[in-house]
Amino acid sequence: RPTPWSRPSDTPSPPQLVVRPVRFRAAARVAPNTELIVTRGPPRPVPSRRTTRPMGEYVPVPVRRLPGLGRELTPEARFWRKFKATVTLKHLATTTIIALAPQQFAVNASMHVTVYDLPSCREARTLNCFKSPVHSLSFRNDGQLLAAGDDVGDVHLLQPTKRTALAIMKGGHSRAVHAMAWAGDSKQHLASGADDGVIAIWDIGARAVRTTLSGHTDRVRALAGYEAESALLASCGHDHTARLWDARSGKCVLTLSHAQPVESVLVLPGGALVATAAGNGVYVWDLVSGGGAPAPAGH
């Protein structure tokens, strides 16, 4: 051992001994008085005894498929499954009326009328021959002629295959035409109702008014013709009444009173029943019994 006053170069440095701790894993228990020889080498991995998976791992749970009930579809369910997705048709203005024909339908949007083909719902053509907003549309039974009423009281006759008007009939009304209907199975007579309370029966061949039906004291909102009898016509308006007319004599044969303005009227097949809509109720009238007041079906 060098002394504190000796030089480092005079005495050689002794070899250094480095002791590092070595960890050993007991692989088995050793009985007393038994010689144990430990050899140096890499430790052997010890198998894990855990039975659960570590955090972050999951075991997929099998989905159990239950057998079907085996019930057949009802006739109503089969009927609704025939329908496809809803078709949305957009317009530049508010649409207020839709007129149906066997192979097409027409929709109004301000001063435009668009005709669509059925059942594809594709746009066939757009009619832009109007100078004022259109409020009413009605197809003839054969679908070859379309009638439209505008805001100034004129009635337009159009062919769905052409973009221009076939004829414009004037002089029947002084205000907007909101109701239009063909007289039953007739191809030559058209009825129109306007905000002036007048119902005009037009002769298509002469392009003139044939008969005027006066009786409503407020705006006429809807018209409905009879399929079997072209001389009968049903109307309704904001004067709280629905009326049945004889177009040959121009007289009202039956008046159905309501407590609120009547917005729509419909003649049911057979002609014995008439349905009206007033307020939040729908009324069905029996004309055979004289049109007694029915109980409304509310909404």
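The values are calculated or read from the model by the stated rules, or taken from the named source; none is laboratory data. From a predicted model like this one, the values you see are computed outputs, not experimental measurements. For neighbour counting, all protein chains shown are included, and Cβ atoms are generated from backbone atoms with ideal geometry for every residue, glycine included. Side chains are part of the model used for accessible areas, which takes the heavy atoms of the whole protein and leaves out ligands, DNA and RNA. Shrake-Rupley method; radii C 1.70, N 1.55, O 1.52, S 1.80 Å.
Where Lys and Arg each count +1 and Asp and Glu each count -1, what net charge lies around Y116 among other residues with Cβ under 13 Å from its Cβ? Walk me through the intermediate numbers first.
Working: positive: K90, R122, R125; negative: D117, E123.
Local net charge: +1.
How large is the charge dipole for region 165-213, taken about the Cα centre, if only the Cβ atoms of Lys, Arg (+1) and Asp, Glu (-1) carry charge, to the nearest 20 debye?
For region 165-213, the charge dipole is close to 140 debye.
In square nanometres and to one decimal, what's the mean projected area of the convex hull around the Cα atoms of region 146-262?
6.9
Quick one: putting +1 on the C-beta of Lys and Arg, -1 on the C-beta of Asp and Glu, what dipole do you get for region 175-298 around its Cα centre, in Debye to the nearest 20?
260
Once every Cα of region 100-145 carries one equal point scatterer and solvent is ignored, give the base-10 log of I(q)/I(0) from the Debye formula at q = 0.13, 0.19, 0.22 Å⁻¹, two decimals.
Here the Debye-derived log intensity ratios amount to -0.27, -0.58, -0.76.
Share of region 99-236's accessible area from carbon and sulfur, percent, 1.4 Å? Before the final figure, lay out each step's value.
Values: 2690 of 5810 Å².
Roughly 46 percent, rounded to a whole number.
Can you give me the accessible area per residue for region 215-290, using a 1.4 Å probe, in Å²?
Dividing the accessible area of region 215-290 by its residue count gives 47 Å².
Taking the Cβ of V177 as the centre, find all other residues whose Cβ is under 12 Å away and add up their charges (Lys, Arg: +1; Asp, Glu: -1).
Result for the local shell: -1.
Could you let me know the centre-to-centre spacing of region 207-223 and region 107-184, using Cα atoms, in angstrom?
18
Give me the net charge of G237's neighbourhood, meaning all other residues with Cβ under 12 Å from the Cβ of G237; Lys, Arg count +1, Asp, Glu -1.
Surrounding charge for G237 is -2.
So what does the Cα-only Debye profile of region 114-205 read at q = 0.13, 0.17 Å⁻¹, as log10 I(q)/I(0), no solvent term?
-0.41, -0.69
Could you sort 239-248, 118-127, 263-272, 168-177 so that the peptide with the highest average Cβ count within 10 Å comes first and the rest follow in order?
In descending order of packing, they fall as 239-248, 168-177, 263-272, 118-127.
Can you compute the FRET efficiency between A208 and F83 using 1/(1 + (r/R0)^6), with r the Cβ-Cβ distance and R0 = 51 Å? Round to the nearest 0.05.
For A208 and F83, the calculated efficiency is 0.70.
Whose amide H sits under 5 Å from the amide H of A176, counting only residues 5 or more places off or on another chain, with H placed in the peptide plane?
Residues meeting the amide H criterion: D195.
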